[in-house]
Amino acid sequence: MDLRRLRLVLTFAVALAFAGSIGGVYSYNRPPMRKDLIVRHLEGLDDSSPQQVHISSVGEDKMRISWITDSSTPATVEYSTISGAKGTSVTGTTSSYDYLVYKSGEIHEVVIGPLNPNTIYYYRCGSHSAPELSFKTPPAQFPINFAVVGDLGQTDWTNSTLQHIAQSNYDMLLLPGDLSYADFIQPLWDSFGRLVEPLASQRPWMVTQGNHETEKIPLIHKEPFTAYNARWRMPFEESGSDSNLYYSFNVAGVHVIMLGSYTDFGPTSSQYSWLQADLGKIDRSKTPWTLVLIHAPWYNTNTAHQGEKESIDMKASMEKLLYQARVDVVFAGHVHAYERFTRVYNGNNDNCAPVYINIGDGGNREGLASKYQKPKPDISLFREASFGHGELNIVNSTNALWTWHRNDDDEAVTSDSLWLTSLSSVPACKVQN
């Protein structure tokens, strides 16, 4: 058995021994699951060929290009607005990580720009012989269309969800945690990177972490989020954050905040101080809309994931901050079903509070959370245990259309929709200091 196969066998063995530490017993019966997908390295590619390419926004006019190779190659990106043309060349950084007996490939990152808004760019990663890829930058002003999906995983359901997203005219994807469901088995991170590359190499994917990204093993691997931080670096420094687990950015009149449910969030934490300062810097004349993404939901009438501190304690610590800042929408994952709440604060309907939407229904391998609390509370307006994705089309500074698309026999069916009005445009909802 060669070293590569031995590493895989040992990684699988250790991971299976510890896999129970993140599962737990659930209070609902999951319906039959679909087949897991393992996306392998394409035949015919050499060790220097770029794979797992994905992009993310850095500031309002730059893009981070990330990819992996099996051997050491230059971290160089050449890009242009003309296909096939020799363009601007930029060199970035290369890193790697070890996890138990697994050693990652070479992880390359290059930040390119300044870029023009709403423009298609053509680019190559690494050598001139690499295939030409393309991406489109987000617009600089409204309208802008976000695809929103959580708890993605890599199953046949995931593939169906990705196909539906690809058919939508989205500018940026927002993912509130639980990406690959590798759960200690590091080659599954590679498989996930290959699975999402066709989409993630063409539009920026902005993500935050979930419980399945933690991958901390007592005594054996004490550092959490090793793979996530190495593979999915987000623009946290640009927003004054000291951690890849929480950050913010502006895009086309929208301020987006990504919070970390699985790092410290109490009133004395760095994340709390950063969030307080970040909310205070929002200029509503430039970004009239504010979105927040978390993983563990603060409001949830599903029987799954009730009573968890990442939901209860984080809500107790931070809900007032979001309410006073007049955040428009809070997206969460974790619960494998869809649910939309009214504008709610402290458990009650409040017209100046955020709309809460749980969208952990991307296609994960654990299946759906099919049982809900009864009777349905008045603050819960729509709930359904189906896989799918959401789209938030922000039309202008005042109006936005939210739609949720159920995966119904592999067809994307619009099952829930809502017109939203930005709180910044409502005189009665003036920002509270």
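The values are calculated or read from the model by the stated rules, or taken from the named source; none is laboratory data. Source: prediction; values computed, not measured. When we count neighbours, we look across all protein chains shown, and the Cβ atoms used for this are built from the backbone with ideal geometry, even at glycine. Surface accessibility is based on the protein's heavy atoms, side chains included, excluding ligands, DNA and RNA. Shrake-Rupley method; radii C 1.70, N 1.55, O 1.52, S 1.80 Å.
Things worth noting here:
- With every protein chain in place, the chain: carbon and sulfur % of accessible area (1.4 Å): 51
- Diagonalising the gyration tensor over the Cα atoms of segment 155-298 and scaling each eigenvalue by 5 before taking the square root yields semi-axes of 25, 22, 11 Å, largest first.
- Positive-end ranking of A252, N116, V431 along the dipole of the chain, with charges on Cβ about the Cα centre, is headed by V431.
- Inter-site label distance for F382 and A166 at 7 Å from Cα along Cβ, in nm: 2.6
- Residue separation of V90 and N399 scaled by 0.36 nm, minus their Cα-Cα distance, works out to 107.4 nm of gained length.
- Shown is the FRET efficiency for K286 and Y97, computed with R0 = 45 Å from the Cβ-Cβ distance and rounded to the nearest 0.05: 0.75.
- Stretched out straight at 0.36 nm per residue, the stretch from Q373 to Q324 would grow longer than its current Cα-Cα span by 14.7 nm.
- Solvent-accessible area per residue, Å², over segment 188-234 with all protein chains present [probe radius 1.4 Å]: 31
- Here the dipole of segment 266-311 is about 180 debye; that uses its Cα centre as origin and unit charges on the Cβ of Lys and Arg (positive) and Asp and Glu (negative).
- Nitroxide proxy distance, nm - points 7 Å out along Cα→Cβ at Q276 and N118: 4.0
- Label-point separation in nm, S71 to N346, each point 7 Å along Cα→Cβ: 6.4
- Order by protection proxy (mean Cβ within 10 Å, highest first), peptides 275-285, 319-329, 171-181: 171-181, 319-329, 275-285
- Annotation for segment 105-149: GluC sites (Glu not before Pro) lying in DSSP loop with at most 15 further Cβ atoms inside 10 Å of their Cβ are E132.
- Taking Cβ atoms as reference points and 12 Å as the exclusive limit, the residues near E60 contribute a net charge of 0, counting Lys and Arg as +1 and Asp and Glu as -1.
- Assuming charge only on the beta carbon of Lys and Arg (+1) and of Asp and Glu (-1), the dipole of segment 241-352 about its Cα centre is about 340 debye to the nearest 20.
- The residues of segment 289-418 have, on average, 33 Å² of accessible surface per residue, using a 1.4 Å probe with all protein chains present.
- If you model segment 63-203 as an ellipsoid using its alpha carbon gyration tensor, with each semi-axis the square root of five times an eigenvalue, the axes come out at 25, 23, 12 Å, biggest first.
- Taking the square roots of five times each eigenvalue of the Cα gyration tensor of the chain, the equivalent ellipsoid has semi-axes of 32, 27, 20 Å, listed largest first.
- Distance between segment 75-101 and segment 163-183 - C-alpha centres, whole angstrom: 22
- Each principal axis of segment 104-168 carries a Cα extent, and these read 39, 36, 18 Å when sorted largest first.
- Relative packing of 307-316, 192-201, which averages over residues the other C-beta atoms within 10 Å, highest first: 192-201, 307-316
- Assuming charge only on the beta carbon of Lys and Arg (+1) and of Asp and Glu (-1), the dipole of the chain about its Cα centre is about 540 debye to the nearest 20.
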